[in-house]
Amino acid sequence: MSALPKNQTAGYGWTAIILHWLIAALFIGQFVLGFVMVRLSSQRTAFELIQLHKSFGFLLLGLVILRIAWRLGRPAPSLPRSVGPFERRAAPLVHLALYAFQLALPLSGWALVSVSVLEIPTVPFNLFVMPNLPLGESDTAESFWAATHWYLAYAGIGLVALHLAAALRHHFWLRDTVLTRMITASSHHDRE
Amino acid sequence: MYARIFGFAAAAACIAMPVFAAVALGDAAGSYIIRPGSSSIHFSIGKLGGGGLDGAFARFKGSILIDNSDVGRSQVNFTIFPESVGTGQSRIDAFLRSDAVFDAADNPEIQFRSTSVKRTGDTSALVTGRLTARGKTFQEKFTADLGGLKAGTIKFHVTGKVLRSRYGMDVGTPIYSNVVDFDMTLTGRRG
Ligand code: HEM
Ligand code: HEM
């Protein structure tokens, strides 16, 4: 590697930062929406919210694909020197797992609606009909994907909680730049 | 005038074919009770991307009154019990019964009361009436085709389109069409 890409510096670029927070808000919002919509007594509101959950899910999927494509061309900035060896190894693994959840959740949701015997069309934001994944529909397949989506959602939000705790720890306890560099882009491209 | 047209139809039928209706409608006058066993009320709602939601009501009642001297004074009344809706998917049925759609607990009946019947052909008529669902009443039109008449039994094939949004049942639009296509077979027994 001769010329280091922009992100291989002390911080993230604006694109990475905006995508991170947009996706973070959508991901946590999707969890809350999903949790609430299946517990409502009004079936009408539940129906409308499930359609909204599917719409935001596909918006999320699109942004995540964009984010991964962007990230593949730009390695993460190196961690501050103060970060210990354990975290140095753990952080990239957790980030990789977070990427996996960001992909797996929308995909499992898409599989769920595709195999559902209810055959409710998915029309993101009432704009176009999203085709179903080519999976056979059946009650068994629907229960399977509903369970998978459920486990992924709860495991995913658990990992996000850990990720959030780590970010807060860096900021308030270790008082390093890990959180702030995900808030403002680095203006200079050299390390330190 | 009704009688005259039927007289003509009767003559035509004698020459042409074994058409049920024309010959016998002269005898059709009278009142009929709709027999649920040999009747059906189907509906279908199109959805984006093709296909649709099909269902039927298992329980309903009604009557047909045919006035031979003035067809305009004929009447068709029926009451549907939305609790009995069936689509083949129990989750969809529960959804339709719930307050999202029929609110069958608070509105156990959907009623149609005809206000005018106009002949549109030898064996067809346009039935206009007032449809009441979820406490809202609007004028709706149905096309009735005579499908058979024998031994005190009369059969009509009734079709029509109803906009569900007017009755506070717009949930799911535009994914599911606002237009509900009704397709009914009403068999009445003279009573
Ligand atoms: C294309 C994307 C997505 C689609 C199509 C989708 C679809 C669905 C559907 C249809 C349900 C209802 C399942 C049921 O009836 O029990 C559901 C539930 C749920 N979804 Fe999603 N989803 C998507 C993305 C997401 C994402 C990104 C999250 C984020 C964590 C998420 C979290 C949840 C949660 C928490 C539930 C409720 C599970 C429960 O407590 O029963 N979904 N999803
Ligand atoms: C809840 C609030 C959140 C906070 C405070 C937060 C904070 C951070 C911070 C400070 C970083 C930079 C770490 C570093 O410099 O090495 C980061 C990276 C990352 N965050 Fe978050 N995050 C949050 C939510 C989320 C959510 C919901 C997701 C996805 C489900 C997520 C996925 C990621 C990923 C994948 C990275 C690594 C980015 C990369 O280097 O490619 N974050 N986050």
Out of (1) within 12 Å of another protein chain (Cβ to nearest Cβ); (2) touching a Gly at 6+ places or on another chain (Cβ under 9 Å), the one residue B:49 does not meet is (2)
When the residues of segment A:110-137 are filtered to those that are under 20 Å from residue B:95 (Cβ atoms) and away from chain B (no Cβ under 13 Å), which remaining residue is most open to solvent (accessible area, probe 1.4 Å)?
A:112
Evaluate the following for residue B:94: is it in contact (Cβ under 8 Å) with a residue 12 or more places away in the chain and either farther than 18 Å from residue B:186 by Cα or in a strand (DSSP E or B) (or both)?
no
Sort out which residues of segment A:117-171 are among the small types (Gly, Ala, Ser) and away from ligand 1 (no atom under 11 Å from the Cβ), and write them in order of number.
A:136, A:138, A:141, A:161, A:165, A:166, A:167
For segment A:130-146, check the following and say yes or no: at least one residue is in contact with a Pro (Cβ under 7 Å, 6 or more places away or on another chain) and modelled with pLDDT of 95 or more.
yes
Quick one: how many residues across segment B:82-105 are away from every other protein chain (no Cβ under 14 Å) and open to solvent by 50 Å² or more (accessible area, probe 1.4 Å)?
1
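I'm trying to understand the selection: among the residues of segment B:52-65, which are more than 14 Å from chain A (Cβ to nearest Cβ) and either open to solvent by less than 40 Å² (accessible area, probe 1.4 Å) or over 16 Å from residue B:112 (Cα atoms) (or both)?
B:56, B:57, B:58, B:60, B:62, B:64
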Could you please let me know if residue A:94 is within 10 Å of ligand 2 (Cβ to nearest atom) and in contact (Cβ under 8 Å) with a residue 60 or more places away in the chain?
yes
Among the residues of segment A:57-74, which ones are away from ligand 1 (no atom under 16 Å from the Cβ) and touching a Leu at 6+ places or on another chain (Cβ under 8 Å)?
A:70
Scanning segment A:85-122 residue by residue, those touching a helix residue (DSSP H, G or I) at 6+ places or on another chain (Cβ under 7 Å), hydrophobic (A, V, I, L, M, F, W, C) and assigned to a helix (DSSP H, G or I) turn out to be A:94, A:97, A:98, A:101, A:103, A:104, A:105, A:111, A:112, A:113, A:115
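Conditions tested, residue by residue: (1) more than 14 Å from chain A (Cβ to nearest Cβ); (2) surrounded by 16 or more Cβ atoms within 10 Å (Cβ to Cβ); (3) in contact with a helix residue (DSSP H, G or I) (Cβ under 6 Å, 6 or more places away or on another chain).
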site	(1), (2), (3)
B:114	yes, yes, no
B:132	yes, yes, no
B:136	yes, no, yes
B:147	yes, yes, no
B:152	yes, no, no
B:160	yes, yes, no
B:165	no, no, no
B:177	no, yes, no
B:180	yes, yes, yes
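The values are calculated or read from the model by the stated rules, or taken from the named source; none is laboratory data. All of these numbers come straight from a predicted model, not from anything done at the bench. Backbone-built Cβ (ideal geometry, glycine too); neighbour counts: all protein chains shown. With ligands, DNA and RNA removed, areas are computed over all heavy atoms of the protein, side chains included. Shrake-Rupley method; radii C 1.70, N 1.55, O 1.52, S 1.80 Å.
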